[in-house]
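Notes follow the structure.
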Number of protein chains: 2
Amino acid sequence: MTGRVMIIGLGPGPAKWVTPEASALLAEATDIIGYGPYVDRVPPSPARRHASDNRVEVDRARHALELATAGADVAVVSGGDPGVFAMAAAVFEAVEAGDPAWRDLDIVVVPGVTAVLAAAARLGAPLGHDFCVISLSDNLKPWSIIEKRLVAAVEGDFVLAFYNPASKARPDQIGRAFDVLRRQAGERIVVLAKAVGRPDEDIIVTSLSAVKPEEVDMRTLVLIGSSQTRLIERGEAEPWIYSPRRWDA
Amino acid sequence: MTGRVMIIGLGPGPAKWVTPEASALLAEATDIIGYGPYVDRVPPSPARRHASDNRVEVDRARHALELATAGADVAVVSGGDPGVFAMAAAVFEAVEAGDPAWRDLDIVVVPGVTAVLAAAARLGAPLGHDFCVISLSDNLKPWSIIEKRLVAAVEGDFVLAFYNPASKARPDQIGRAFDVLRRQAGERIVVLAKAVGRPDEDIIVTSLSAVKPEEVDMRTLVLIGSSQTRLIERGEAEPWIYSPRRWDA
C-alpha cells in the first residue's frame with residue numbers, strides 16, 4: 001500500500017484565492033507538511049501537522065516521500081503556486097536523488113495563484129505583454145547567472161517580476177539588481193507590492209531612479225515595467241498601471 | 001450612480017481551478033461580457049450575457065465600461081488569468097483612450113490560475129527556475145520583437161512558455177520560433193500541453209530537434225526547458241519534468 005504526495009499551492013494569502021481543488025485535497029490529507037506560516041493557513045482538519053523551518057526544502061520533501069511510501073496521504077503546502085520558487089522542484093529533486101521506489105508514488109501538483117498574478121491584478125494590467133519571472137535569491141545559483149538574466153531580460157524588453165528580492169542574509173541583492181537595470185534600461189516604472197491581499201498590504205509605485213532598496217523585504221514582489229509600461233493617472237486616486245498589448249518600436 | 005467593472009480570470013477550464021473570489025463576484029454581476037466560450041463557462045445566474053467573437057477585445061472592453069457607467073455591475077471574463085494575454089490590458093487601453101469619466105469607475109481585476117501554471121503542475125516542476133512567458137501572436141507586435149525576445153530568453157537560459165503559439169491566420173509562427181530556438185539553444189526539452197485539465201487534454205513530451213509544428217494549435221501551451229531542465233524516467237509511466245532550483249555552470 002502506498003500513499004500520495006500532493007504538492008499544493010495556497011495562493012498569496014487570503015482564502016478567496018485558494019482554489020476549490022486545493023481545499024478539497026487539503027481536506028483529504030492525513031499529513032500536512034510545510035514551512036510553519038503556510039501550514040498555519042490550512043483550515044482545521046484531523047491531519048497531522050509537520051511544520052518546519054524555512055530553507056529545509058529538500059528535507060521536507062524527503063519526509064513527505066517517506067510518509068507517502070508508508071501509506072500516508074501527504075499534503076506539501078506552499079504559498080502561491082507550488083511550481084514557482086516553491087516546493088514542487090524540491091520534491092522532484094528529492095525523487096530524482098532518492099529511493100527508486102519513490103518514482104512509483106502518486107505525486108500530484110496542485111496549481112495556485114502565484115504572487116505576480118495577484119500583484120498585477122492589484123495594479124491594473126502590468127503584465128499585458130511578455131514578461132520574465134526571476135528569483136533574486138543566490139542561495140542556489142551564482143549571482144553571475146542572475147545578472148546575466150537581468151541583462152537578457154532588459155535586452156528583450158520584458159516586464160520583470162522578482163521573487164525573493166531580499167532577506168536578512170542578502171539585504172544587498174535587490175540594490176545590485178536595480179544597479180544592473182539602471183545601467184541597462186535607463187528609466188522604468190517600478191512597483192513594490194508587499195503582502196498583496198493581506199491586512200498589511202503596501203503598494204509603492206516608483207521608478208528605477210527613485211526606488212529605495214531598503215523598502216524591499218522578503219514579502220515584497222518587485223515589478224519592473226518594460227519600455228512600454230505606463231501609468232493611467234486618476235487625480236487623487238492611485239494610478240492604474242498597464243503594459244499595452246501593442247508594441248510600437 | 002456608477003457601477004463596476006470586474007475583470008475575472010476563470011482559470012484554464014475546470015471548475016476546480018476557479019477561485020472563490022471569481023465565483024463570488026460572478027454571482028454578483030448584472031452583466032457578463034466575454035468571448036463566447038468563456039461566457040459559456042460561467043454558472044447559470046440571472047445576469048445578462050453578452051458573448052462576443054474573438055479578437056474584438058477593445059470593443060468588448062468599451063462595452064463593459066459603458067454599461068458600468070450606466071450603473072451595471074459588469075463581469076468581463078477571460079480564461080486563465082485576466083492579466084496574462086487576456087482582457088485586463090484591453091480594458092485599461094480602452095480607459096486610457098476613452099471617456100475621462102471612465103477613470104472614476106471602480107475597476108477590479110480578479111487573478112486566476114494561468115495556463116502555464118496548470119501545464120507545469122501537470123508535468124512536474126518545469127518552472128523550478130527563472131522563466132519567461134511570451135505570446136507568439138504577431139497581431140499586435142512585429143515578428144522582429146518576438147524574435148528578439150526569443151534570442152534574449154535563450155541568452156538568459158530561461159525556461160520559456162508560449163501562449164497563442166498558432167492560429168489559422170498564423171500557422172507558421174510556431175515553426176519560425178522553433179527555428180530561432182534551434183539556432184540559439186541547440187537541443188532542449190519541449191512539451192506541448194494541450195487543453196490541460198479538460199477532457200481532451202493531450203501532453204506531448206519531445207525536444208527541439210523532434211518537435212512537429214503541426215502538432216501545435218491555439219489551445220496548446222508550449223514549454224521549452226532551460227539548459228538545466230530534465231526528465232525523471234519512470235519506466236512505463238510518463239516521465240516527470242523538472243528544472244532544478246540549483247543552477248550549475
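The values are calculated or read from the model by the stated rules, or taken from the named source; none is laboratory data. The model shown is predicted, which means the values in this text are computed figures rather than measured ones. Here Cβ is always computed from backbone atoms with ideal geometry, including for glycine, and neighbour counts include all displayed protein chains. With ligands, DNA and RNA removed, areas are computed over all heavy atoms of the protein, side chains included. Shrake-Rupley method; radii C 1.70, N 1.55, O 1.52, S 1.80 Å.
For residues in the range B:1-16 being more than 23 Å from A:Gly128 (Cβ to Cβ) and either open to solvent by less than 10 Å² (accessible area, probe 1.4 Å) or not in a helix (DSSP H, G or I) (or both), which is farthest from the other protein chains (Cβ to nearest Cβ)?
That would be B:Met1.
Please verify whether B:Thr19 is under 30 Å from A:Ala22 (Cα atoms), open to solvent by less than 10 Å² (accessible area, probe 1.4 Å), at pLDDT 95 or above and of a type in the set (Ser, Thr, Tyr), treating the condition exactly as stated.
yes
Just wondering, is there one or more residues in the range A:201-221 that are within 19 Å of the chain's Cα centre (by Cα) and small (Gly, Ala, Ser)?
Within the range A:201-221 (the criterion being within 19 Å of the chain's Cα centre (by Cα) and small (Gly, Ala, Ser)), the answer is no, since none of the residues qualifies.
Of all residues in the range A:66-102, which are hydrophobic (A, V, I, L, M, F, W, C), assigned to a strand (DSSP E or B) and over 18 Å from the mean Cα position of the chain (by Cα)?
A:Val74, A:Ala75
Among all residue pairs at least 6 apart or on different chains, which show Cβ distances below 8 Å where the first residue, located in the range A:63-82, is within 14 Å of chain B (Cβ to nearest Cβ) and the second is of a type in the set (A, V, I, L, M, F, W, C) and open to solvent by 30 Å² or more (accessible area, probe 1.4 Å)?
So the pair list comes out as A:Gly79/A:Ala115; A:Gly80/A:Ala115.
If you scan the range B:144-156, which residues turn out to be open to solvent by 10 Å² or more (accessible area, probe 1.4 Å) and in contact (Cβ under 8 Å) with a residue 12 or more places away in the chain?
Within the range B:144-156, B:Glu147, B:Val151, B:Val154, B:Glu155 meet the criteria.
Which condition number in (1) in contact with an Asp or Glu (Cβ under 8 Å, 6 or more places away or on another chain); (2) in a helix (DSSP H, G or I) is the one that A:Ile134 fails?
The one condition A:Ile134 does not meet is (2).
Having 2 or more residues that are surrounded by fewer than 19 Cβ atoms within 10 Å (Cβ to Cβ) is the bar; report the strands (runs of 3 or more DSSP E) wholly within the range A:176-249 that clear it.
Once the strands (runs of 3 or more DSSP E) in the range A:176-249 are filtered for at least 2 residues that are surrounded by fewer than 19 Cβ atoms within 10 Å (Cβ to Cβ), what remains is A:202-207, A:230-234, A:237-242.
Scan the range B:84-107 for residues that are closer than 28 Å to B:Phe162 by Cα, of a type in the set (Gly, Ala, Ser) and open to solvent by 10 Å² or more (accessible area, probe 1.4 Å) and jot them down.
Of everything in the range B:84-107, just one residue is closer than 28 Å to B:Phe162 by Cα, of a type in the set (Gly, Ala, Ser) and open to solvent by 10 Å² or more (accessible area, probe 1.4 Å), namely B:Ala86.
Name the residues in the range A:132-156 that are out of contact with any Cys (no Cβ under 7 Å at 6 or more places or on another chain), among the aliphatic types (A, V, I, L, M) and at the interface with chain B (Cβ under 7 Å from one of its Cβ atoms), would you?
Hits for the range A:132-156 are A:Val133, A:Ile134, A:Leu140, A:Ile145, A:Ala152.
Name the single residue, out of those in the range A:103-131 being more than 7 Å from every other protein chain (Cβ to nearest Cβ) and part of a helix (DSSP H, G or I), that is modelled with the lowest pLDDT.
The extreme case among them is A:Asp104.
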